[in-house]
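First the structure, in the form of structure tokens, and then the observations on it.
The values are calculated or read from the model by the stated rules, or taken from the named source; none is laboratory data. Fair warning: this is a prediction, and the values are worked out from it, not measured in the lab. Because the Cβ atoms are built from the backbone with ideal geometry, glycine has one as well, and the counts that use them run over all protein chains shown. Please note that ligands, DNA and RNA were not included when accessible areas were found on the heavy atoms of the full protein model with its side chains. Shrake-Rupley method; radii C 1.70, N 1.55, O 1.52, S 1.80 Å.
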Amino acid sequence: MKQIKEHFEAEAKEFDEVIIRLIPYYNQMVRALVDAIHFDTKQPIRVMDLGCGTGTIAKAISDKFPNATIDCLDLASNMIEMAKLKLASHKNTRFIV
């Protein structure tokens, strides 16, 4: 676990660029995942994003569900810091390392 944590701590700033290069259709995958959440977009849903990384999925969820309460959990504090920047405008977000 220590090696995994160290890897993600070091990769946090470049993670978004790298993941798009490594996983074909990554953005479409995120959209499909969020589109599969079948709740009324105005409802106050609760979401836990386990291994949230830089918050890409949580951000997509917050865009579609502005009344969502989102808990972002990650092992790497640097990933959480990137997620905080990405989700700064979504006030109902809690970040957990």
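Values for this structure:
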item	result
Residue list for the stretch 1-14, restricted to those being in a helix (DSSP H, G or I) and either at pLDDT below 90 or open to solvent by 90 Å² or more (accessible area, probe 1.4 Å) (or both)	Lys2, Gln3, Ile4, Lys5, Glu6, His7, Phe8, Glu9, Glu11
Candidate set: the stretch 66-79, residues that are over 15 Å from Lys13 (Cα atoms) and of a type in the set (S, T, N, Q); chosen: the one least open to solvent (accessible area, probe 1.4 Å)	Thr69
Glu17 part of a helix (DSSP H, G or I), out of contact with any Gly (no Cβ under 9 Å at 6 or more places or on another chain) and at pLDDT 95 or above	no
Selection count, the stretch 47-60, where residues are touching a residue at least 24 places away in the same chain (Cβ under 8 Å) and open to solvent by 60 Å² or more (accessible area, probe 1.4 Å)	1
Test result for Asp63, modelled with pLDDT of 95 or more, charged (D, E, K, R) and either open to solvent by less than 50 Å² (accessible area, probe 1.4 Å) or assigned to a loop (DSSP other than H, G, I, E, B) (or both)	no
Test: residue in the stretch 76-92 that is touching a Leu at 6+ places or on another chain (Cβ under 9 Å) and either under 29 Å from Met1 (Cβ atoms) or modelled with pLDDT of 95 or more (or both)	yes
Given (1) in contact with a helix residue (DSSP H, G or I) (Cβ under 9 Å, 6 or more places away or on another chain); (2) in a helix (DSSP H, G or I); (3) open to solvent by 80 Å² or more (accessible area, probe 1.4 Å), index of the condition Met82 fails	(3)
Residue within the stretch 3-15 that is of a type outside the set (D, E, K, R) and touching a Phe, Trp or Tyr at 6+ places or on another chain (Cβ under 8 Å) present	yes
